[in-house]
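Participant: Quick one: the structure is below, questions incoming.
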Amino acid sequence: MLDYDQDGWPDLIVANDTQPNKLYRNNRNGTFKEVGVEAGIAFSTDGKARAGMGVDVADFSNSGSAGIAITNFDNEMLGLFRASGKGAYEDVAIQAGVGAPTKPMLGFGCLFADFDLDGALDLALANGHIDDTVRNIRGNVGYAQPPQMFLNLGKGTFHDMTLDMGPDFSKPKVGRGLAYGDFDRDGDLDLLLTTNNGPAYLFRNDQRSGNRSIRLRLVGTKSNRDAIGATVRIESGGVSQTRMVKSGSSYLSQSELPLTFGLGNRDLADRVVIQWPSGRTEEFRELKAGRAYQCVESKGITPQSGF
């Protein structure tokens, strides 16, 4: 789910295996129009339908416009779509530094999250082939494949941090689902990865940068109770970040609903603006870093104990 044309109405994106990806524009009357081709997300840059598996949507460039990541089959590479104008996208995977590292992989789960809490969304991928004999056919491609972590460097580029994440993370697995959540309540985001006919892996994030975060849990009253579709914008130190509360993404996965914003070493968020699905807008000033807040629609915001 995303608001790709920024008209205040949620649109829908679907990653399709061997078929063109679909983007359904909300007509604001209970119907949708499919606009994937004209938006530029249906095919690869050479005009081919890829084997779309996982999908996630987020403002990874802090531009105010949502970008899109779609995992694909091996030898197809990740699709990373950046908004290039109202209602249009371009695939920037190669220039962003995620194209070549993902080309040998068969990607399933994918998600954007700020794992180092610097205010820029990073990208995590779960990889694993569907053919357990694939190495007999192509010796450089395995059935079990390492997940990948790409650190957002800003200015539209990412750095492959997979090998720096430790041997437990970078060990090849037949990855499928991928979700995040702050399971140990320390303010940063941890990862859960599921595998095909194998165990789940829970990776605890022990980021040591000293960066701080703010976590927001939204509760709708006039809007739906889980605030699905609400958009939150945080401004801090001249940087603006935007997140949407979503009910699902990645591949057969659901991440937690509370939103986590990394603030770097800053002590507070200068301004927080919430756009509720009901159309109501609420604004708050000077929320302190290192805290979790609950915001109930039309009833204000309150700090919670711990994260």
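The values are calculated or read from the model by the stated rules, or taken from the named source; none is laboratory data. In this text, all values refer to a predicted model and were calculated from it rather than measured experimentally. Neighbour counts run over all protein chains shown; Cβ positions are idealised from the backbone, glycine included. Calculation scope for accessible area: heavy atoms of the full protein, side chains included, ligands and nucleic acids excluded. Shrake-Rupley method; radii C 1.70, N 1.55, O 1.52, S 1.80 Å.
Participant: Which links in Lys48/Lys171; Lys222/Lys299; Lys48/Lys103; Lys222/Lys246; Lys22/Lys155 stretch past 23 Å when you go from one Cα to the other?
Facilitator: Exceeds cut-off: Lys48/Lys171; Lys22/Lys155.
Participant: Lys86: which lysines have alpha carbons under 17 Å from its alpha carbon, excluding same-chain residues fewer than 8 sequence positions away?
Facilitator: Candidates past the 8-residue exclusion: Lys33.
Participant: Taking a probe of 1.4 Å, how large is the accessible area per residue of the range 154-201, in Å²?
Facilitator: Each residue of the range 154-201 exposes 53 Å² on average to a 1.4 Å probe.
Participant: Suppose accessible area is computed on protein heavy atoms with a 1.4 Å probe; arrange Ile228, Ile13, Ile234 from highest to lowest.
Facilitator: Accessible-area ranking of Ile228, Ile13, Ile234, largest first: Ile228, Ile13, Ile234.
Participant: For the range 214-307, state which trypsin sites (Lys or Arg not before Pro) are in a DSSP loop and have at most 13 other beta carbons lying within 10 Å of their beta carbon.
Facilitator: Hits after loop and neighbour filter: Lys222, Arg225, Lys299.
Participant: Additional query: Expressed in nm to one decimal, what extension gain is obtained for the pair Val296 and Thr45 from 0.36 nm per residue of sequence separation less their Cα-Cα distance?
Facilitator: 86.0 nm
Participant: Need one number for the chain: average projected area of the convex hull over its C-alpha atoms, nm².
Facilitator: In nm², the orientation-averaged hull projection of the chain is 15.5.
Participant: Let me ask something else. To the nearest 10 square angstrom, how much accessible area does Trp9 have with a 1.4 angstrom probe?
Facilitator: Accessible area, nearest 10 Å²: 110 Å².
Participant: Let me check I've understood the local charge: for Met161, count other residues with C-beta under 10 angstrom from its C-beta, Lys and Arg +1, Asp and Glu -1. What total comes out?
Facilitator: -4
Participant: Using amide H atoms built 1.01 Å from N in the peptide plane, name the residues 5+ places from Asp122, or on other chains, whose amide H lies under 5 Å from its own.
Facilitator: HN-HN under 5 Å from Asp122: Ala113, Asp114, Phe115, Asn152.
Participant: What are the ³J(HN,Hα) couplings of the range 36-49, residue after residue, when phi is run through the Karplus curve with 6.51, -1.76, 1.60 and θ = phi - 60°? Round to Hz, x for glycine and proline.
Facilitator: Computed from phi, the couplings for the range 36-49 are x, 5, 5, 7, x, 10, 6, 10, 6, 5, 9, x, 10, 6 Hz.
Participant: What does a probe at Asp131 reach in the range 30-55, counting residues whose amide N is under 18 Å from the point 7 Å along Cα→Cβ?
Facilitator: 50-53, by backbone N distance to the label point.
Participant: How large is ³J(HN,Hα) for each residue in the range 259-267, as worked out from phi by the Karplus curve 6.51 cos²θ - 1.76 cosθ + 1.60 (θ = phi - 60°), to whole Hz, x for Gly and Pro?
Facilitator: Ordered by residue, 3J(HN,Hα) equals 9, 10, 10, x, 10, x, 9, 7, 8 Hz.
Participant: What is the spin-label model distance, in nm, from Lys288 to Arg225 if the labels are put 7 Å beyond Cα along the C-beta direction?
Facilitator: 3.1
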